[in-house]
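Just so you know, all these numbers are worked out from the coordinates, no wet-lab data involved. In this text the structure is predicted, and so the values were computed from the model without any measurement. Methodologically, a virtual Cβ is constructed for each residue, glycine included, from the backbone with ideal geometry; neighbour enumeration extends over all protein chains shown.
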Amino acid sequence: MKNNKNLLWVMGLMAASFSQAQDLRLNDSCYFERQGVNVLVFSNSFNGGFNDEKNSGIEIIQHGIRAIQGGAVRLNNTPEQWDLVPKMTFRKVDREQGSIEVGLRYDDYDFDSRIVVTAKGEAVEIAVWLDKPVPEKLVGNAGLNLEFLPSRYWLKTFTMDGRLNRFPRYATSQTVARPNSEKPRQFKGFKTYDDRGTGCFVDPLPIETGHSITMAMDDPERMICIHSNDAELKLYDGRMLAQNGWFVLRSILPGGKTGKVVSWMVEPHAVEGWIRKPNIGFCQVGYTPGQPKVSVIELDKNDSPKATASLMRINEDGTVSKAYEGKVDAWGPYYKYNYVKFDFSDVKAPGIYYIQYDTVKTNNFLIDPHVYDKITDATTDVWVPIHMNHMFVNEAYRVWHGEPFKEGYLQAPPSDHFDIHYQGPTTDTKYKPLELIPGLNVGGFFDAGDFDIETGANINVVENLIRAWELFKPSRDETFVSEKQRYVDLHRPDGTPDVLQYIEHGVLNLVAQAEQIGHMASTLSNSVLDNYHHLGDAASITDGLHYDPSLKPYEVSADGKRSGTPDDMWAFTTRNPRLDMRAATMFAAAAHALEGYNDSLAARALKQSKRLMKEAEELLSQRTESKRNNARTGLGGIAATNLQLYIATQEKEYLDVFEKEIWKELDRNLRFSLQTALDAIPYMNEDYRKQLRPYVEQYATYIQDFDRQNPYGVPIGTGNWAGIGPLLSFGTTVCFAHLYYPDIVAKDEVYRTANWLFGCHPYHNYSFVAAVGAARPKLVFYGNNRADFSFIPGNVAPGVLFRKPDHFENFDDWPFLWGQNEGTIAGNTQYIIFGLAFKHIVEEKK
Ligand SMILES: [Ca+2]
Ligand SMILES: [Ca+2]
Ligand SMILES: [Ca+2]
């Protein structure tokens, strides 16, 4: 008896310690964890701005990949971006019970629910609780959803109640058309779909239905079992409605019930003893012989660092030899991983190399004086011209897009719009709502993965290109641009430097705005949501015919010039004097840059600059004192504006204002203002240089402090959009600080940003710049060809997106998360400046 009791006690202890190692437990970061599996419960909640960003709710990171998210009470079988998302009303972590509870609310339907996630051994139970029954209108629509990343599950097997199946590579399941009255309201009442006059919306039917599903038993890193005793599980393919949809598992909440209404047991498989493969970060573009060469190796926290790593050389006869073996230095923990560094700067001989750390070999890269020579070419020759609006863009045998928006732009009526666009209570123009504003369908650049003209971003584009032009005079001519023919042909020289033509193209639209509207539009954008998410030829977003409300929808007038389809784009014209001020500055600089190339456009730009500057000053001075101060500090610096105006006009009064303001701005915010101060150097005397020295010294300390803040030594953004903008600004400022003060900011510092961009960063080691010089660039980007899982060469991805509380991510098999994969016109032209400045320095003493 005694022995038996002891035996039971020992067995119990064994079971306890066994299960301790295996069970999901709430960790200090407030998510459930076991080796290989993290279950996050609303560590990231839905945010209003862009609704469903596929980044929220219950998320499962399985073996390092966040392939499951979106766990929440939702109102659609396969929610799209603009379907309603629940607001999180509270989040309670109960350590004793090992559970996390969140309150969810749909204001539009006065509908509250609670989700309770509780660790149960190797599984979690997800339960939905209701204090009041589902509102009548939502019965049959409200359900518990969980979403699965298509690119990680397609072609994998699954069984539902023992029936075998396979996740489809492409969406070909079935749908049903239902009356619009049955469709839950979408974001602000907009519609994502064009029903072609049928009065019906499309609803996907389930691929499978049952009570127990096991997914990906053929892939231990993705395998997951889910069963429910009290509810039916339905599996849907969200790509039926939207190319960025995920696979959705769903149980409808029963009507008329309260208490625990639905519960699932969810058991993500964990590979025993799983340790994430080291991510060996290095510069995929390669290294010049003399530059510092430090690889940052990202390690699982359960991994034990090796003492050394090697640099292997691929010889000309194809054999491999060890070029260098060196010690691996600990850096320490940063968020969820541990970091070590491998410095192989001693290797200077040109050649083909790869890094070997333990059993992991990287792909090869070059050490060569010329590795950086081409880093901006794809962006200037391919990405930028493809984003030229109102043009037909051809490349060899391929047409990227026809001429978009031939019918022009209508005055936007008052609208609380999508994509954070807005038209105030009046038009602020001489035009009536929906009246055609003539002359706006010229010039300009597509914003990013969408096709609107964001005026602020287009101003940035022109400014960036002018800066590139004034500083480096890039004479590269690989693009044919005919504004007369409205035709662009890539890789066809036409005798004019491309950058000058891009400046002209940007100015053409912005000047037209100032002339036709009287001030700057905030944006020229889509009027209807159902063509805003367009994926395809930009020329087919609208029908090219003027909208005529006297015609029936889809009807075309007898002369073939008008249609009853309200697809014409709108100009959002609420006046913003700060934007006008920015435009005025840019116009002044543009007038200077275009002089001698397009004199009439230069004259138009200068005229608008002077007028807008004067009117904006007046409008700002009419505001209250405090508001005016806010407006002025929001200008991106009075000093910057006045410097630009001085450069453009050579009028000394601007220089005086600059000299008065710049020191205040430097004292207030050095990081932000140093670039402006450096930009002035060519126009200032030796005293100015001297006075600036201590600020540059301070900046040098700021640069080096990043080595302490994170293993990569650059500013890393943790916002909802990865931090490429601040990173490129940082990289550019470091370059210019070195150019003018090489004794304070050493040449070695300029490589920090390039390393990060081209592969030395968390999550993976692929280059963030599409198709540029790198041995392994990223393969997919959120460009306007994202539905093809492709990229537009020269695009720069935002980078690694931070997911709270401790996960960095950049999908390379799923392009649709804009926060990690969308290149923008402002960001990519900023990259051109960085790249030109960087190349200029690298080439100094090659
Ligand atoms: Ca946009
Ligand atoms: Ca050209
Ligand atoms: Ca139209």
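Ordering Phe768, Phe46 by the number of other Cβ atoms within 10 Å of each residue's own Cβ, fewest first, gives Phe46, Phe768. In this structure, the amide hydrogen of Glu33, modeled 1.01 Å from its nitrogen in the peptide plane, lies closer than 5 angstrom to those of Arg25, Leu26, Asn27, Val39, counting only residues at least 5 positions away or on a different chain.
Which whole DSSP H helices in the chain pass both tests: a Cα extent of 18 Å or more along the axis and a mean Kyte-Doolittle value no lower than 1.0? Before the final figure, lay out each step's value.
Working: long enough: 2-22 (30 Å, -0.03); 455-472 (25 Å, 0.41); 498-517 (29 Å, 0.36); 577-594 (25 Å, 0.49); 599-622 (35 Å, -0.67); 652-668 (25 Å, -1.19); 686-709 (34 Å, -1.64); 724-740 (24 Å, 1.23); 825-844 (29 Å, 0.57).
Helices passing the filter in the chain: 724-740.
Among Ser295, Val320, Tyr335, whose Cα lies farthest out toward the positive end of the dipole of the range 279-367, if unit charges sit on the beta carbon of Lys, Arg (+1) and Asp, Glu (-1)? Value: Tyr335. Computed from label points 7 Å out along Cα-Cβ, the spacing between Tyr597 and Lys257 is 6.8 nm. Residue exposure proxy: Ser475, Ser212, ordered by other Cβ atoms within 10 angstrom of their Cβ from fewest to most, comes out as Ser475, Ser212. For the chain, the direction-averaged projected area of the alpha-carbon convex hull comes to 42.0 nm². For the range 372-635, rounded, prolate or oblate, judged on the Cα gyration tensor with a ≥ b ≥ c (square roots of eigenvalues), a/c < 1.5 rounded, else prolate if a/b > b/c? In terms of gyration-tensor shape, oblate.
What is the fewest-to-most order of Met88, Met160 by other Cβ atoms lying within 10 Å of their Cβ? The partial results should precede the final answer.
On the way: Met88 19, Met160 22.
Arranged by neighbour count, lowest to highest, Met88, Met160 become Met88, Met160.
Among the GluC sites (Glu not before Pro) in the range 266-350, those placed in a DSSP loop whose Cβ has at most 10 other Cβ atoms within 10 Å are Glu272, Glu316.
A straight Cα-to-Cα reach below 18 Å connects Lys361 with the aspartates and glutamates Glu298, Asp300, Asp303, Glu325, Asp343, residues fewer than 8 places away in its own chain not being considered. Using R0 = 30 Å, the C-beta based FRET efficiency linking Ser475 and Asp317 works out to 0.15. Amide hydrogen proximity for Val262: with H placed 1.01 Å from N in the peptide plane, the residues at 5 or more positions away or on another chain lying under 5 Å are Val128.
Stretching Asn669 away from Arg163 to a fully extended chain increases their span by 175.8 nm, per 0.36 nm per residue minus the current alpha-carbon distance. When DSSP beta bridges are restricted to pairs lying wholly in the range 372-635, around 65% turn out antiparallel. Computed extension length for His491-Asp656: 54.9 nm, one decimal, from 0.36 nm per residue of separation with the Cα-Cα distance subtracted. Over the range 37-268, the reciprocal of the mean inverse Cα-Cα separation, the Kirkwood hydrodynamic radius, stands at 17.8 Å.
Solvent-free Debye calculation, one equal scatterer per alpha-carbon of the range 247-358: log10 I(q)/I(0) at 0.12, 0.15 Å⁻¹ equals -0.58, -0.75.
Across all Cα atoms of the range 696-846, the radius of gyration (one decimal) and Dmax (whole number) stand at 15.3, 49 Å.
Taking 0.36 nm per residue of separation and subtracting the Cα-Cα distance, what length does fully extending Ser557 through Ser621 add?
18.1 nm
Using 17 Å as the cut-off for backbone N distance, which residues of the range 383-423 belong to the label zone defined by a point 7 Å from the Cα of Lys484 along Cα→Cβ? What the label zone holds, given the 17 Å backbone N cut-off, is 392.
At 222 nm, what value in deg cm²/dmol follows for the chain if DSSP H runs of at least 4 each add -39500 (n - 2.57) and the sum is divided by all its residues, to the nearest 500? Each step should come with its number before you reach the end.
Values: 16 runs with 229 residues, N = 846.
Taken over the chain, the calculation gives -9000 deg cm²/dmol.
If you restrict to DSSP beta bridges whose two residues both lie in the chain, what percentage is antiparallel, to the nearest 5?
Working: 136 of 147 bridges.
Of all bridge pairs located within the chain, approximately 95 percent are antiparallel.
If you plug the beta carbon distance of Glu435 and Arg398 into 1/(1 + (r/R0)^6) with R0 = 56 Å, you get a FRET efficiency near 0.90.
Using 1/(1 + (r/R0)^6) with R0 = 25 angstrom and r between the beta carbons of Asn720 and Val93, what's the FRET efficiency to the nearest 0.05? Don't skip to the answer; put the middle values down first.
On the way: r = 23 Å, r/R0 = 0.91.
Once the sixth-power term is evaluated, E becomes 0.65.
The GluC sites (Glu not before Pro) found in the range 441-489 include none that occupy coil by DSSP while having at most 13 further C-beta atoms within 10 Å. Among the GluC sites (Glu not before Pro) in the range 632-696, those located in a DSSP loop and surrounded by at most 16 other Cβ atoms within 10 Å of their own Cβ are Glu651.
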